[in-house]
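I have placed the structure first, in the form of structure tokens, so that the comments after it can refer back to it.
The values are calculated or read from the model by the stated rules, or taken from the named source; none is laboratory data. The structure displayed is predicted, hence computed values, not measured ones. Methodologically, a virtual Cβ is constructed for each residue, glycine included, from the backbone with ideal geometry; neighbour enumeration extends over all protein chains shown.
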Amino acid sequence: MSSPMELYEQLTAQGLAVREIKAQKGEKAEVEAAVQRLLRMKEDYKHLTGRDYQAGRPPARTDDDADPAEDEEEDEDDQVDPWNVSTSSAKGVDYAKLIVRFGSCKIEQELVDRIARVTGKTPHHFLRRGIFFSHRDMHQILDAYESQKSFYLYTGRGPSSGAMHVGHMIPFLFTKWLQDVFDVPLVVQMTDDEKYLWKDLSLEDCHRYTLENARDIIACGFHPDKTFIFSDLDYMGASPAFYRNVVKVQKHVTFNQVKGIFGFTDSDCIGKISFPAIQAAPSFSNSFPQIFGDRNDVQCLIPCAIDQDPYFRMTRDVAPRIGYLKPALLHSTFFPALQGAQTKMSASDANSSIFLTDTAKQIKNKVNKHAFSGGKDTVEEHRKFGGNPDVDVSFMYLTFFLEDDEQLEKIRQDYRSGALLTGELKKCLIETLQPMIAAHQERRRLVTDETVRQFMTPRKLHFSR
């Protein structure tokens, strides 16, 4: 009898086989036979493991699966999906394994160097430090750019509260840099419909959070002539072209596929099952006729955290079957909670997050009280043995927000040697965050209702290509 891992791998291969047969327009009997075999394998898998098969979520290893050459500490798999991120490791998610599991490509130094050559700009420190670590088809985007062809950026935000935290800003800070160095248009999807379907929130609250979060996004410095921010609740009803693409995706993705990708169950509302098609639609340029007309040949580049990748694996799978280009992606790591890298920062836990609305005093108190330390228990031990920056949350946060590479490396070495104490490291972080968030709050204060309307009005954007 197959082990859970072997059956999981067989299921993954059979799912690919079914999609290939359908893509090649195989005979009806051949398709049905392949689908029936897939369904039987899923039943066997559930009987063996006690849970439904989910693509990208292999089973926990058993003794039968174990490879003696592997690290014995890696007992549990990381859980990564669009709604949950967790790991048993104090260092955080194993991103090398995640690349293998998701089938993406590591951002190697060669790609970072090529981006520098093509743009003529120093690569963003998120790229230099591996914060954006994985990609799909980024070389294709650069090929297009060098051939004077257009592309556009697409990222988004699920507005579940009025206040965003610093972890939410990572894709927007990087997207702002991409917009500047490539001089390309950007669409920002506010998935207020998603939050209504998944959270215990009213439609009115979800839409209000969209408008509040839009202020924070605008305060990142996006160019109004190159940026369109839209609410799903508003835009889909006002844009026939957008809705037509949603329907095309819905027709070409089966219920079994979305259950396999996202883990939906029979008790989930039908809105959840249809939502992935809505998140897919901005990947296609003719969803925005006010920007691109009826062109469907403008490729899309999506900067996002890697937990959003399942949506776009689905999108890339369906795109050729409806006559569109596959979107390219750049994936970021997760921004850890203050309590440690086992989970990402959450807006639902005030003490796990540094919010963009926090005062200087609140920032200081949260870092000092809640930031997980990689230091030793006593000053004497720390001076003698040093701390571990790989698990220290204050150091992790500095890798995101301290731009000076030399200063960051000196902090790493001093902390590891014991020359820098935990309290001193936390002080470095506090002194980095306080002015950064204060500056953001000042920019946000200048964002008026009219500014928000300007960014969220469907219109022609201006860009060089």
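A few comments on the model shown:
- Hits in segment 397-448 - residues which are more than 23 Å from Q339 (Cα to Cα) and among the β-branched types (V, I, T): V447, T448
- Scan of segment 154-189 for residues that are of a type in the set (A, V, I, L, M), within 20 Å of A281 (Cα to Cα) and either in a loop (DSSP other than H, G, I, E, B) or more than 14 Å from the chain's Cα centre (by Cα) (or both), ordered by number: V184, L186, V187
- In segment 277-309, the qualifying residues are those that are in a helix (DSSP H, G or I) and among the aliphatic types (A, V, I, L, M), and the one that is farthest from T191 (Cα to Cα) is I291.
- When A360, A319 are screened for being at pLDDT 95 or above and more than 29 Å from A96 (Cα to Cα), only A360 passes.
- Flag if A163 is modelled with pLDDT under 95 and over 24 Å from A337 (Cα atoms): no
- Residues that are of a type in the set (D, E, K, R) and assigned to a helix (DSSP H, G or I), drawn from segment 245-273: K248, K251, K259, K272
- Residue list for segment 338-353, filter: surrounded by fewer than 23 Cβ atoms within 10 Å (Cβ to Cβ) and either modelled with pLDDT of 85 or more or part of a helix (DSSP H, G or I) (or both): L338, Q339, A350, N351, S352
Here is a yes/no grid of residues against (1) out of contact with any helix residue (DSSP H, G or I) (no Cβ under 8 Å at 6 or more places or on another chain); (2) surrounded by 15 or more Cβ atoms within 10 Å (Cβ to Cβ); (3) not hydrophobic (A, V, I, L, M, F, W, C):
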residue: M190; (1), (2), (3): no, yes, no
residue: L197; (1), (2), (3): no, yes, no
residue: R208; (1), (2), (3): yes, yes, yes
residue: R215; (1), (2), (3): no, yes, yes
residue: T227; (1), (2), (3): no, yes, yes
residue: Y243; (1), (2), (3): no, yes, yes
residue: G260; (1), (2), (3): no, yes, yes
residue: G263; (1), (2), (3): yes, yes, yes
residue: K272; (1), (2), (3): no, yes, yes
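- Looking only at segment 230-241, and only at residues there that are among the aliphatic types (A, V, I, L, M) and out of contact with any Ser or Thr (no Cβ under 9 Å at 6 or more places or on another chain), the one that is surrounded by the most Cβ atoms within 10 Å (Cβ to Cβ): M236
- Residues in segment 284-295 include at least one that is within 19 Å of T227 (Cα to Cα), in the same structural domain as I99 (by TED's automatic domain parsing) and hydroxyl-bearing (S, T, Y).
- The numbered conditions (1) crowded, with 19+ Cβ neighbours inside 10 Å; (2) more than 30 Å from Y235 (Cβ to Cβ) are all true for H440 except (2).
- Residue check, L330 in contact with a strand residue (DSSP E or B) (Cβ under 7 Å, 6 or more places away or on another chain), outside the structural domain of S417 (by TED's automatic domain parsing) and hydrophobic (A, V, I, L, M, F, W, C): yes
- No other residue among K460, K410, K384, K427 is under 30 Å from K149 (Cα atoms) and surrounded by fewer than 19 Cβ atoms within 10 Å (Cβ to Cβ) apart from K460.
- Selection from segment 94-125 of residues that are surrounded by fewer than 15 Cβ atoms within 10 Å (Cβ to Cβ), touching a Lys or Arg at 6+ places or on another chain (Cβ under 9 Å) and at pLDDT 95 or above: T122
- Among the residues making up segment 220-234, those that are closer than 22 Å to P171 by Cα and out of contact with any strand residue (DSSP E or B) (no Cβ under 7 Å at 6 or more places or on another chain) are C220, G221, H223, P224, D225.
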